[in-house]
Protein chains: 2
Amino acid sequence: MTTLLESLRDLLGPGNVLTGGDAAPHLVDWRQAAVGRALAVVRPADTDEVAEVVRRCLAHGVPIVPQGGNTGQVGGATPDDSGRAVVVLLSRLARIREIDAENDTITVEAGCVLQDVQRAARDARRLFPLTLGAEGSCTIGGNLATNAGGSQVLRYGNARALALGLEVVTAEGDVWHGLRALRKDNTGYDLRDLYIGSEGTLGIITAATLKLFALPAAQRTALVAVASLERAVTLLARCRAGFEAALTAFELISSESAKLVERAFPQQRLPFASGLAPWYVLLEISDSEGEDHARACFEQVLGAALDAGEIEDAAIAQSGAQSESFWLLRDSITLAIAQTGKCLKHDIAMPTSRVAGFVRTMGERLGQVCTGIRFVIFGHLGDGNLHYNLMKPDGASDEQFVASGAGIMRIVHDSVHAHAGTISAEQGVGQFRIGELLHYKDPVELSLMRRVKAALDPSGIMNPGKVLPG
Amino acid sequence: MTTLLESLRDLLGPGNVLTGGDAAPHLVDWRQAAVGRALAVVRPADTDEVAEVVRRCLAHGVPIVPQGGNTGQVGGATPDDSGRAVVVLLSRLARIREIDAENDTITVEAGCVLQDVQRAARDARRLFPLTLGAEGSCTIGGNLATNAGGSQVLRYGNARALALGLEVVTAEGDVWHGLRALRKDNTGYDLRDLYIGSEGTLGIITAATLKLFALPAAQRTALVAVASLERAVTLLARCRAGFEAALTAFELISSESAKLVERAFPQQRLPFASGLAPWYVLLEISDSEGEDHARACFEQVLGAALDAGEIEDAAIAQSGAQSESFWLLRDSITLAIAQTGKCLKHDIAMPTSRVAGFVRTMGERLGQVCTGIRFVIFGHLGDGNLHYNLMKPDGASDEQFVASGAGIMRIVHDSVHAHAGTISAEQGVGQFRIGELLHYKDPVELSLMRRVKAALDPSGIMNPGKVLPG
């Protein structure tokens with residue numbers, strides 16, 4: 001393999017072929033849950049260099065692991081421990097290639113950090129709506145490779161829905177120039193959406209043309225207390241009808257989640273009397289008219305919900321700062337969990353009509369299996385997507401609890417499956433969820449997936465052991 | 001082949017295996033531009049029967065041509081003239097399987113007529129927004145197989161954007177049970193979007209789970225006169241910012257198109273002085289608040305455009321009936337063309353920022369090539385999608401004009417390509433546009449498409465000779 005390494009140093013310059021300590025940060029995921037090894041970590045400068053790297057690796061039969069901001073949850077960007085792979089960083093492909101404000105599109109390279117894309121759009125008085133926790137470090141290439149979701153999906157869709165065109169280096173080192181900026185194009189198979197969400201196992205996305213939207217005149221949030229999950233779903237229907245597309249977030253927060261935050265960060269508090277309700281909803285509307293109209297809309301829709309006895313109370317943010325404080329509370333749950341103790345996490349989605357039944361059934365079942373287990377449930381209820389977190393009972397040991405994780409996951413995922421849901425709503429399959437995929441996926445679908453993989457990556461060099469078994 | 005026919009009669013009942021005169025209507029497209037022959041036309045009753053038909057055809061090496069409402073524009077549902085194929089009608093798979101109003105989803109079988117799906121949604125006080133001319137006879141299976149567009153794409157997307165899950169009979173007669181009702185699901189490759197738009201060449205869509213939306217409280221239209229195409233695009237930007245997601249249609253009508261309608265249907269008239277402007281725009285907004293708010297929004301946004309000198313005049317529909325009369329004028333253009341004479345049609349799209357330049361360049365170029373040619377341009381400007389129609393010059397013979405069609409098409413499509421556009425925005429490839437596809441498609445993309453076809457339809461029995469050469 002010395003030949004390949006030398007050839008890559010020739011191609012990219014020695015400073016862009018990392019080994020040893022320089023490579024180390026790229027051989028482990030941010031949670032340190034996946035640790036691998038690699039022949040080298042390389043940093044091509046542009047699409048042609050990416051293509052040439054792929055061709056040279058292919059010639060040597062060397063596997064390739066593409067990596068963006070390395071913020072994934074499922075070990076999808078970490079090589080295995082064979083030390084055979086080359087990790088390809090897209091970080092130097094970080095140009096905003098074009099903004100066409102009139103066409104409401106932006107063309108960016110894969111290594112652009114999501115926040116930089118949001119900012120470039122805003123500078124052109126446009127909105128790029130993909131919004132998620134890791135936006136300061138994740139890259140648009142990774143967002144597309146994993147079909148990232150986040151908190152505005154109910155209005156703008158997942159990453160997939162925001163992409164019009166792609167540039168892709170195929171598994172054979174060809175460049176597919178598919179950077180279309182078209183809202184309608186029916187000339188053949190939808191390769192774009194095949195690469196999106198394929199987690200680097202079919203090719204490497206090197207650039208994308210993305211949709212932009214009008215900047216809202218005002219964004220405003222409200223926090224609403226509801227007596228049950230059924231009521232939260234009723235409120236969702238009311239908000240969809242009342243706000244229509246102006247509804248840009250509908251986030252669920254259980255009282256247990258709020259309590260964790262209040263305990264970990266005492267300056268953060270719900271704007272309600274303690275213990276008012278078991279569930280809270282964070283609503284956001286993005287208004288095309290302005291603050292006054294946004295507030296009037298909130299007052300009308302939430303007022304009607306109050307009159308109908310569907311909600312317990314509502315606090316409409318009175319300022320941008322208060323809007324942000326509501327979001328901060330929501331976004332602090334993950335950190336509060338980390339500070340509190342061991343947690344089993346599940347990234348699930350199901351039809352919103354099934355969510356309340358699922359949560360009730362699971363509460364009873366898991367209460368029997370694991371006495372004292374604590375439910376820290378929150379997430380994107382507008383999309384039926386729950387972060388279904390289970391925390392260690394007081395008194396149980398960390399080891400004991402973690403050891404019970406596989407059994408508990410099976411119970412949770414069996415019920416998700418029975419409720420017509422998915423065991424990975426946002427985060428993908430990577431290496432951690434292949435077992436679950438094989439367990440639940442329709443065999444016909446698995447067979448079709450294997451054929452697609454064999455057709456587009458016949459040598460099996462693209463991110464092997466991710467999405468499908470290696 | 002008698003064996004296969006007998007076996008299909010056994011399976012489906014003799015009345016559902018059509019030959020001779022009974023089969024004839026299904027062997028020609030509605031424009032009579034494609035005429036084929038077939039071994040038989042069969043009508044399976046359900047998904048299992050579709051799968052069994054595929055397995056039996058596969059065993060005999062007999063090609064399959066799926067057919068929905070037979071309203072396509074590119075001969076995609078018509079068999080070739082070898083007489084070897086079996087045409088599979090989906091018309092008996094016409095059940096609405098489920099409406100989940102709480103989850104805003106509907107599950108329907110492929111043979112459901114689009115209008116019936118719209119109606120079922122409305123009966124549940126929901127909106128299924130796919131809207132197109134053939135909605136009274138086209139089927140949802142055909143809409144998905146061709147990724148149908150229509151006039152509300154700028155708000156709700158193409159058919160692809162409206163589908164959450166599919167049930168598909170694969171090219172080997174397996175059933176993929178992919179009827180998910182999920183807004184987020186990242187468990188593997190996006191097979192759904194691969195089957196959508198594949199025009200029956202990879203498998204047969206037998207059912208789909210579709211997104212529903214809130215019914216708007218009010219829909220209202222306006223007609224606006226503009227001095228140039230550049231001004232129409234400026235108006236689009238103003239409307240996107242001002243109405244945001246409430247903007248559900250932005251249709252371009254050239255004065256030539258309007259004149260054709262006024263001549264063919266004298267009771268239909270623009271609400272402006274004759275000759276006021278070279279271009280008109282039909283705007284529709286769907287308001288979540290009501291008629292008064294919709295009118296106020298129109299007055300504000302169009303008033304500002306008038307004050308800025310960007311538009312010549314605007315007529316806001318004063319009633320539902322007037323809204324419909326504006327739509328009728330728009331929808332009558334195709335009929336008016338048919339009554340007027342020979343026309344060369346092109347279904348193109350490009351970035352909206354390039355449309356005005358394209359139309360100007362083409363006007364000059366074609367005026368030189370074909371003196372007196374008449375431009376009848378209209379379409380979905382909000383999506384950059386033009387129906388770019390060229391009518392015979394007075395005095396030229398029909399034969400002469402039609403004979404010049406291929407040369408003119410090359411000029412038009414070359415320019416579309418140079419303007420980063422597509423030669424098939426809505427209508428697909430079918431059999432008529434394969435030559436154009438091969439001419440303009442990136443060879444890397446073509447090669448990927450061929451691999452996908454070989455992977456999912458290894459025997460090549462699914463609708464051969466469509467999308468890709470047989």
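The values are calculated or read from the model by the stated rules, or taken from the named source; none is laboratory data. Note that this is a predicted model, so its numbers are computed, not measured. Here the Cβ is made from the backbone with ideal geometry for all residues, glycine too, and neighbour counts use every protein chain on show. The protein model used for the area step is the full one, side chains on, heavy atoms only, and it has no ligands, DNA or RNA in it. Shrake-Rupley method; radii C 1.70, N 1.55, O 1.52, S 1.80 Å.
Is segment A:331-453 best put as rounded, prolate or oblate by its Cα gyration tensor, with a ≥ b ≥ c the root eigenvalues, rounded for a/c under 1.5, and otherwise prolate when a/b is larger than b/c, oblate when not? Prolate. Taking Lys and Arg as +1 and Asp and Glu as -1, the other residues whose beta-carbon sits under 14 Å from that of B:GLU399 total +1. Using a probe of 1.4 angstrom and keeping all protein chains present, the accessible surface of chain A works out to 35 square angstrom per residue. Normalise the Debye intensity by I(0) for segment B:315-396, one equal point scatterer per Cα, no solvent, then take log10 at q = 0.16, 0.21, 0.26 Å⁻¹ and round to two decimals. Values, matching the q order: -0.74, -1.04, -1.23. Rounded, prolate or oblate: which fits segment B:256-309 when a ≥ b ≥ c are the square roots of the eigenvalues of the alpha-carbon gyration tensor, with rounded for a/c under 1.5 and prolate only if a/b beats b/c? Since a/c reaches 1.5 but b/c is at least a/b, the shape of segment B:256-309 is classed as oblate.
How much accessible area does B:LEU335 have with a 1.4 Å probe, in Å² rounded to the nearest 10? Solvent-accessible area, nearest 10 Å²: 100 Å². Neighbours of B:GLY200 by Cβ distance under 13 Å: Lys/Arg scored +1, Asp/Glu scored -1, total 0. Using Cα pairs closer than 8 Å and at least 6 residues apart in sequence, work out the relative contact order for chain B, in percent. Normalised by residue count, the contact order of chain B is 15 percent.
How well do other chains shield peptide B:237-247, expressed as the mean number of their Cβ atoms within 10 Å of each residue Cβ?
5
Which residues does the label zone of A:SER82 cover in segment A:440-462, counting backbone N under 14 Å from a point 7 Å along Cα→Cβ? The answer is A:459-462, whose backbone nitrogens lie closer than 14 Å to the label point. Between copies, the label points of A:GLU324, set 7 Å from Cα on the Cα→Cβ line, lie 5.2 nm apart, reported in increasing order to one decimal in nanometres. The residues neighbouring A:THR371, those whose beta-carbon lies less than 14 Å from its own, together hold a net charge of +1 under the Lys/Arg +1, Asp/Glu -1 convention. Rolling a 1.4 angstrom probe over the protein assembly as shown with all protein chains present gives an accessible area of which 49% lies on carbon and sulfur atoms. The packing ranking of peptides B:86-92, A:32-38, A:65-71, B:327-333, highest mean first, is A:65-71, B:86-92, B:327-333, A:32-38, where packing means the average number of other beta carbon atoms within 10 angstrom of each residue.
Taking 37 °C and 0.692 mPa s as conditions, the protein assembly as shown diffuses translationally at an estimated 113 µm²/s according to Stokes-Einstein applied to its Kirkwood radius (Cα pairs).
Over the whole of A:344-354, what's the average partner chain Cβ count within 10 Å per residue? Rounded to a whole number, please.
4
Amide H contacts under 5 Å for B:GLY379: B:LEU252, B:HIS387, restricted to partners 5 or more places along the chain or on a different chain, H placed in the peptide plane at 1.01 Å from N.
Using the rule -39500 (n - 2.57) for each DSSP H run of four or more residues, divided by the residues of chain A, the 222 nm mean residue ellipticity is -11000 deg cm²/dmol. When a/c is below 1.5 the answer is rounded, else prolate if a/b is larger than b/c, else oblate, so apply that to segment B:26-92 with a ≥ b ≥ c taken from the square roots of the Cα gyration tensor eigenvalues. Cα axes put segment B:26-92 in the oblate bin. The other copies place their A:ALA273 label points at 6.9 nm from this one, listed shortest first, where each point is 7 Å from Cα along Cα→Cβ.
Label-point spacing at A:ALA296 relative to the other copies reads 0.4 nm, in ascending order, each point sitting 7 Å out from Cα along Cα→Cβ. As an exercise, use a Förster radius of 30 Å and the Cβ-Cβ distance of A:LEU11 and A:HIS439 to find the FRET efficiency, rounded to the nearest 0.05. About 0.10, to the nearest 0.05.
When only Cα pairs below 8 angstrom with a gap of at least 6 residues are kept, segment B:217-327 shows a relative contact order of 49 percent.
Mind checking how much accessible area A and B bury in total, 1.4 Å probe, in Å² rounded to 100? That pair hides around 6800 Å² of surface in total. The mean count of C-beta atoms from other chains within 10 Å of the C-beta of residues in B:170-182, rounded to a whole number, is 4.
Under the definition of Cα pairs under 8 Å and six or more residues apart, what whole-number percent is the relative contact order of segment B:355-470?
Computed value for segment B:355-470: 18 percent relative contact order.
Between segment B:135-174 and segment A:224-280, the alpha-carbon centres lie 36 Å apart.
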